[in-house]
Each structure stands twice: as C-alpha cells, then as structure tokens.
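The values are calculated or read from the model by the stated rules, or taken from the named source; none is laboratory data. Note that the coordinates shown come from a computational prediction; the quantities given were computed from them, not determined experimentally. Don't worry about glycine lacking a Cβ; one is built from the backbone with ideal geometry, like all the others, and counts go over all protein chains shown.
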Amino acid sequence: MSRKIISYLGFLLLYVPLFAPQALAAAGTETGSLDKGLTAIGIGLAVGLGALATGWAQSRIGPAGLGAAAEKPEMQGLALIFLLLPETLVIFGLVVAFMLIGRL
C-alpha cells in the first residue's frame, strides 16, 4: 500500500469518529441522534470503501486478463470471471448498508 492510501485511511479511521459528535452537537441535535450519525457514517464507509477496493482490484486484474487473453484466446472467459469477482465487495457493502439503514 502506498503512503497516500494509508494516510487517507488513517484520516477516516481517526478523525471522523473524533469530530462526528462535535458536528452533531453544533447542528443542535439531541444526544440520542449520535448513534444515528455514526450509523450513517458507517453506511457511507461500507459502500465507499467497498467501491474503492473493487476499483483497485479491477484495475490490476483487467490488464492481466487482457494480456492472458491476447496470448491464449481460450483464457478470455476465465479472465472475465476473475474481473467480475471483486464486484462482490460492492454487493456485500450494499447489503451491510441496507442492514444499517434498518437501524436508523
């Protein structure tokens, strides 16, 4: 992992939970809605990080699959399957998001 990605993830994991209660208090919401705000942040993280991971994985798999298909055309179907496998990350992120929406 590059340092840039690690710094972004560190920002998300450290500063968002730190400043979320202050942001909710400044908005004039009651203390019971803190759970709702953190649940909403969790929904965004589940979908967003799943989509980022899928894009990163597909950016690595796509060129390798095309290279393999160029050398052996019979590998094209297998390369397509490998390209579609990371999409399950986004689907799982959406399932988690829908489960968390039920808690709001």
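Structure data summary
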quantity: The range 77-104 residues that are closer than 13 Å to GLY44 by Cα and in contact (Cβ under 8 Å) with a residue 12 or more places away in the chain, paired with ones that are β-branched (Val, Ile, Thr) and assigned to a helix (DSSP H, G or I) (beta carbon under 6 Å, 6 or more apart); calculated: VAL90/THR54; GLY93/VAL47; ALA97/ILE43; ALA97/VAL47; LEU100/THR39; LEU100/ILE43
quantity: Residues located in the range 83-104, provided they are more than 19 Å from LEU52 (Cα to Cα) and either of a type outside the set (Val, Ile, Thr) or at pLDDT 90 or above (or both); calculated: MET99, LEU100, GLY102, ARG103, LEU104
quantity: Residue check, GLY50 at pLDDT 75 or above, touching a Phe, Trp or Tyr at 6+ places or on another chain (Cβ under 7 Å) and surrounded by 15 or more Cβ atoms within 10 Å (Cβ to Cβ); calculated: yes
quantity: Of the criteria (1) surrounded by fewer than 14 Cβ atoms within 10 Å (Cβ to Cβ); (2) in a helix (DSSP H, G or I); (3) modelled with pLDDT under 75; (4) more than 21 Å from the chain's Cα centre (by Cα), which one LEU80 fails; calculated: (3)
